[in-house]
Amino acid sequence: MKLARQLEKLGTETAFAVSAAAEQWGAKGNKIYPFHLGDINIATPDNIVEAAKKAIADGYTGYCPGAGIPQLRAAIARDVGAKRRLSYSAENVSIQPGGKPVIGKFLAAVMNRGDEVLYPNPGYPIYESQIEFQGGIAIPYGYLETPMGFDLDLDAIRSAITSNTRVLIYNNFQNPNGAQSSPQEMEQLAELAIRHDLWVLSDEAYFEIQYSGQPDTIVSLPGMQERSVILYTCSKRFAMTGWRLGAAIGPQMVIEVFNKLNTNIESCTTHFIQRAMVDAIEGDTSGPDAIIDELRRRRDAAVDGLNAIDGISISSPNSTFYLFPNVTTIMQRKGLREVNQLMDEALTATNVSFCTRNHFGRVTEGEKEHYIRFAYSGIGVEDIVEGMAKLKGYFDK
Ligand SMILES: Cc1ncc(COP(=O)(O)O)c(C=O)c1O
């Protein structure tokens, strides 16, 4: 028996292999310092947990509309619109079991086989996987390191656009590098999308994970709303990664395709979870605020810990819960050529577990610098301080 040939094109999240290695090492009695997965070890706010229990007790345990319950669609339309100075209605919202399904369904809705899709690399690995699995041509674009973080490589994006380019995937508040576009950078990207008539997926998984100021979106720029779909998720904002609740927000024409795909694939997203979220989306912000406060403490501890290491210098990102230090100097000091070797050796030498650039899309030709990624969403301040001190002991040698 043979499986489908198309499966050769299907990628995955190789970060899960890092979890497995960390677990194995932990099972030998080692205390792991888990910086590898973007999961959150903070509890979902009580009001949401209680609302879910009540929704089950009230009997919201059956099927519901494939597009999502109207009350939640309307609440997300109001909330997403208000925070972005945009006008959306319930018809612009398709409820999803998490943010991730938006990626594959968006491509199914707008990409033809053979179309070129621009996507960030390093970036969330599911973009590359879904583009290629669905028969598109994945065209990576990168970032330029600056003293303040990372800028989009706009020249590379410009020169990668051809008459065959149909879609741009853009992740402001970026995983893995924490990049946040300036207004000018976003304007230039929007100008390219409009000039070349591209569909845009604006992955806003970390829109609400901000340590100061108000976030912006490319979708608010003139000419962008009609060509853009927003990936929205409750995973990070409400520490609800395992609940699986998200949404696609965009032009009704595309959202209707999402709704049809929902009916084909999962029928609907869990009914009682949708009920529980109707008030939480627009309601009490004390739960999400406490999550941000905790993440800020962790960020500050992790940034200080990394900057104490000889050869590492990073700025403090204003968004996401990721740090992406350049470790080229450390690699040279240790005589290593492969960044995953550094990861493997660090795990056994220090019990600190992290991902590398290689877990975020295929490494492209000409990349000379080496990077590793720390997520501080799944590890408390005390362990961050302890783990970073161990890492310093090993990296400085
Ligand atoms: C950039 C980005 N987009 C989308 C997602 C999907 O998140 P979820 O499916 O949990 O909503 C993630 C998760 O880590 C992410 O980092």
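The values are calculated or read from the model by the stated rules, or taken from the named source; none is laboratory data. Quick caveat, the model's predicted, so the values are computed rather than measured. As a convention, Cβ positions derive from the backbone with ideal geometry for all residues, glycine included, and neighbour counts pool all protein chains shown.
Please list, ordered by residue number, the strands (runs of 3 or more DSSP E) wholly in segment 92-195 having 2 or more residues that are within 16 Å of the ligand (Cβ to nearest atom) and not charged (D, E, K, R).
Numbers: elements: 93-96, 116-120, 137-141, 143-146, 149-152, 165-170.
Counting at least 2 such residues, we get 93-96, 116-120, 137-141, 149-152, 165-170.
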Practice task
Test each condition in (1) part of a helix (DSSP H, G or I); (2) in contact (Cβ under 8 Å) with a residue 60 or more places away in the chain; (3) β-branched (Val, Ile, Thr) for residue 309 and report the one that comes out false.
Solution key: (1)
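Going through 361, 378 one at a time, which residue ends up being surrounded by 22 or more Cβ atoms within 10 Å (Cβ to Cβ) and assigned to a loop (DSSP other than H, G, I, E, B)? Spell out how you get there, then give the answer.
On the way: 378 fails: surrounded by 22 or more Cβ atoms within 10 Å (Cβ to Cβ).
It is 361.
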Completion exercise
Contact list, first residue from segment 175-188 and of a type outside the set (Gly, Ala, Ser), second anywhere and in a helix (DSSP H, G or I), beta-carbon distance below 8 Å, six or more apart or interchain, is 176/357; 176/359; 185/154; 186/218; 188/154
Exercise for the section: Output the number of the condition that residue 195 fails; it satisfies all remaining conditions of (1) surrounded by fewer than 16 Cβ atoms within 10 Å (Cβ to Cβ); (2) closer than 17 Å to residue 84 by Cα; (3) not aromatic (Phe, Trp, Tyr). Expected result: (2)
Handout entry: Top-ranked residue in segment 215-242 [being over 30 Å from residue 52 (Cβ atoms) and not aliphatic (A, V, I, L, M); ranked as surrounded by the most Cβ atoms within 10 Å (Cβ to Cβ)]
Key = 228
Exercise for the section: Output yes when any residue across segment 237-250 is modelled with pLDDT of 95 or more, in a helix (DSSP H, G or I) and hydrophobic (A, V, I, L, M, F, W, C), and no when none is. Expected result: no
Exercise for the section: Check 69, 76 and return the single one that is within 14 Å of the ligand (Cβ to nearest atom), touching a residue at least 24 places away in the same chain (Cβ under 8 Å), over 30 Å from residue 370 (Cα atoms) and not basic (Lys, Arg). Expected result: 76
Exercise for the section: Kindly provide the set of residues from segment 116-156 that are closer than 11 Å to residue 168 by Cα and in contact (Cβ under 8 Å) with a residue 40 or more places away in the chain, ordered by number. Expected result: 116, 117, 118, 119, 120, 127, 140
Exercise for the section: Could you tell me whether segment 104-126 includes any residue that is surrounded by fewer than 18 Cβ atoms within 10 Å (Cβ to Cβ) and more than 21 Å from residue 260 (Cα to Cα)? Expected result: yes
Exercise for the section: Kindly indicate whether any position in segment 207-214 is among the aromatic types (Phe, Trp, Tyr), within 15 Å of the ligand (Cβ to nearest atom) and buried (at least 16 other Cβ atoms within 10 Å of the Cβ). Expected result: yes
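Where residues in segment 196-221 are aliphatic (A, V, I, L, M) and assigned to a strand (DSSP E or B), which of them is nearest to the chain's Cα centre (by Cα)?
Let us first name the residues in segment 196-221 that are aliphatic (A, V, I, L, M), namely 198, 200-201, 205, 209, 218-219, 221.
Now restrict to residues that are assigned to a strand (DSSP E or B): 200-201.
Working: 200: 16, 201: 13 Å.
Taking the candidates together, the pick is 201.
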Handout entry: Single unsatisfied condition, residue 253 versus (1) in contact (Cβ under 8 Å) with a residue 12 or more places away in the chain; (2) more than 16 Å from the ligand (Cβ to nearest atom); (3) among the aliphatic types (A, V, I, L, M)
Key = (1)
Fill in the blank from the handout: residue 366 vs (1) at pLDDT below 95; (2) in contact with a Leu (Cβ under 6 Å, 6 or more places away or on another chain); (3) of a type in the set (Gly, Ala, Ser): all pass except (2)
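Consider residue 38 carefully, then state whether it is in a loop (DSSP other than H, G, I, E, B), closer than 21 Å to residue 100 by Cα and at pLDDT below 95.
Numbers: in a loop (DSSP other than H, G, I, E, B): yes; closer than 21 Å to residue 100 by Cα: yes; at pLDDT below 95: yes.
Answer is yes for this residue.
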